[in-house]
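> I have a structure I would like to understand better, so I am pasting it below and will then ask my questions one at a time.
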Amino acid sequence: MLMKKFTYIQGSIAIIFGILMMLVSSTCSAVGVKKVESLRFWTAPDHTRLVFGITSPVSHKVFVLDNPPRIVLDIENVTFDTELPSFSAGHKVVSLLRQAARNKNDLRVVIDLKETVRPKSFVLKPNADYGHRLVVDLYPKSQQTNNSPVAIKKASNTPQNKKWVVAIDAGHGGEDPGAKGYRGTREKTVVLAIAKKLAAQVNKQPNMKAYLVRSGDYYIGLRQRMEKARKARADLFVSIHADAFRNQQAKGSSVYVLSNRGASSEAARWLADSENAADLVGGVSLDDKDDMLASVLLDLSQNATEDASATFAGEVLKNLKGVGHVHKKQVQRAGFMVLKSPDIPSILVETAFISNRQEEANLRSSKHQTKIATAIMRGVKAYFTQQRVPARPTTRLAKTTYKIKRGDTLSAIAQRYQISLVSLKKANAMRTNRIRIGQVIQIPS
Ligand SMILES: [Zn+2]
């Protein structure tokens, strides 16, 4: 279209330039032209993710256009060498994808939308599963606030808010398949099935309510998972995974709690590293600005939940022993990112080894999935029976806190705030009077 405006002279210059460009591009193709070789999309409740698999890193630009709403994605120096995915007529955000070559060497992708979105794009480096990727996330503007706060509002108007809320986090999802079994079973699929079965069991309890952190096949960042659980006012957080190891004989389930002091074994550290690496596979959001806030919150009350997490983990492990082989007889400790909620007792269950042929078959079996869910459910029940007073994360955070200084003792602090030493220790889930400088403790009212 732009060519129409050109004079003949400009036109002939353009032709000469064009021939030159052809020469250049043919030289390039000898070296290897960059290609978009795959294009996937994942639909999450609050956004849609497009993932362009590319042969080498690319430069790109994203534009937002209105009337009708659409996104234009320009990728430099790349050809389109795959199929365009088709979106169902019922898709909430995207109606159509189009692509065309631009300026001879560049690619333009147009995303026709049903509503205005806020796009976010970033590139991901290759890993074991994928090569270079360009990720474009589309967040509908109508959903500035996500679903969770609405759910809370509703809950607070009914007696339902007296229920214990159990956040159930199915590991991985979407772009991140997790571990893979011999028969191609994907961790993200089986753990979601177990999570849904557990949620159904939790919802059958008159005093409990399940919150599924991930309810479909899409990825959620590790920090976001905790944020979602907190917004849902979860009293417990259980992340469900399936283990994998080079040695196919490895089998059984393990239960983990967070350790800030270091992993309980080399294997635990290795596992934590590989689970944490999910953010590199599934993709992180560039503007993870709340890192600072999160680390402050972490310091605030991590100690208070450590003991509760261990109690919960112990109950779940005890019940998993009834289902089958237990990989580690003790609750394991490792630095799992997803367990770093300062105020919600959190555990991570590696349900079985997907890399073990028998256990892979078990993980695929609906009957066995129910057994695992039931074992975790028993652990949840046992944990709540031990908790007399429901202490909501929000109320716990709202309390006064005190940062330990040199020379402080617990009893002196208790005296200063006119509370008993027992209640102070209880509020912080402390078994001993040991405190350390810089530690932040809760002062109960
Ligand atoms: Zn996992």
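> Any chance the range 335-347 includes a residue that's touching an Asp or Glu at 6+ places or on another chain (Cβ under 7 Å), under 30 Å from Gly184 (Cα atoms), β-branched (Val, Ile, Thr) and at pLDDT below 85?
yes
Quick grid of which residues meet (1) without any contact (Cβ under 8 Å) to a residue 40 or more places away in the chain; (2) within 14 Å of the ligand (Cβ to nearest atom); (3) part of a strand (DSSP E or B); (4) assigned by TED's automatic domain parsing to the domain that holds Ala352:
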{"residue": "Gly178", "(1), (2), (3), (4)": "no, yes, no, yes"}
{"residue": "Arg183", "(1), (2), (3), (4)": "no, no, no, yes"}
{"residue": "Ala195", "(1), (2), (3), (4)": "no, yes, no, yes"}
{"residue": "Tyr211", "(1), (2), (3), (4)": "no, no, yes, yes"}
{"residue": "Arg214", "(1), (2), (3), (4)": "no, yes, no, yes"}
{"residue": "Tyr218", "(1), (2), (3), (4)": "no, no, no, yes"}
{"residue": "Gln224", "(1), (2), (3), (4)": "no, no, no, yes"}
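So that you can scan it fast, the table gives a plain yes or no per residue for (1) modelled with pLDDT of 90 or more; (2) more than 28 Å from Ala193 (Cα to Cα); (3) of a type outside the set (Ser, Thr, Tyr); (4) assigned to a helix (DSSP H, G or I):
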| site | (1), (2), (3), (4) |
| --- | --- |
| Ala375 | yes, no, yes, yes |
| Gly379 | yes, no, yes, yes |
| Phe384 | yes, no, yes, yes |
| Pro390 | no, yes, yes, no |
| Tyr402 | no, yes, no, no |
| Ala412 | no, yes, yes, yes |
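> Among the strands (runs of 3 or more DSSP E) lying completely within the range 41-108, list those that include at least 3 residues that are at pLDDT below 95, of a type in the set (Gly, Ala, Ser) and not assigned by TED's automatic domain parsing to the domain that holds Lys228.
In the range 41-108, the matching strands (runs of 3 or more DSSP E) lie at 94-102.
> Do you know which residues across the range 338-355 are surrounded by 24 or more Cβ atoms within 10 Å (Cβ to Cβ), within 15 Å of the ligand (Cβ to nearest atom) and in a loop (DSSP other than H, G, I, E, B)?
Passing the criteria: only Ile354.
> Going through the range 158-174 one residue at a time, which ones are modelled with pLDDT under 90 and either in a helix (DSSP H, G or I) or surrounded by 22 or more Cβ atoms within 10 Å (Cβ to Cβ) (or both)?
Just the residues of the range 158-174 that are modelled with pLDDT under 90, to begin with: 158-163.
Those that are modelled with pLDDT under 90 and either in a helix (DSSP H, G or I) or surrounded by 22 or more Cβ atoms within 10 Å (Cβ to Cβ) (or both): Pro159, Gln160, Asn161, Lys162.
> For the range 122-134, state whether one or more residues are modelled with pLDDT of 90 or more, within 23 Å of Pro68 (Cβ to Cβ) and assigned to a strand (DSSP E or B).
In the first step, residues of the range 122-134 are kept if they are modelled with pLDDT of 90 or more; the result is 132-134.
Within this subset, residues satisfying the condition of being within 23 Å of Pro68 (Cβ to Cβ) are none.
Taking every residue of the range 122-134 in turn, none turns out to be modelled with pLDDT of 90 or more, within 23 Å of Pro68 (Cβ to Cβ) and assigned to a strand (DSSP E or B).
Residue-wise test of (1) farther than 28 Å from Lys162 by Cα; (2) of a type in the set (A, V, I, L, M, F, W, C).
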site: Lys405; (1), (2): yes, no
site: Leu421; (1), (2): yes, yes
site: Lys426; (1), (2): no, no
site: Arg436; (1), (2): yes, no
site: Gln442; (1), (2): no, no
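> Would you confirm whether or not the range 139-156 contains a residue that is closer than 16 Å to Val238 by Cα and either at pLDDT 90 or above or within 16 Å of the ligand (Cβ to nearest atom) (or both)?
No, because not a single residue in the range 139-156 is closer than 16 Å to Val238 by Cα and either at pLDDT 90 or above or within 16 Å of the ligand (Cβ to nearest atom) (or both).
> Could you check Ser274 against (1) away from the ligand (no atom under 16 Å from the Cβ); (2) at pLDDT 60 or above; (3) in a helix (DSSP H, G or I); (4) hydroxyl-bearing (Ser, Thr, Tyr) and say which number it fails?
For Ser274, the failing item is (1).
The values are calculated or read from the model by the stated rules, or taken from the named source; none is laboratory data. In this text, all values refer to a predicted model and were calculated from it rather than measured experimentally. As a convention, Cβ positions derive from the backbone with ideal geometry for all residues, glycine included, and neighbour counts pool all protein chains shown.
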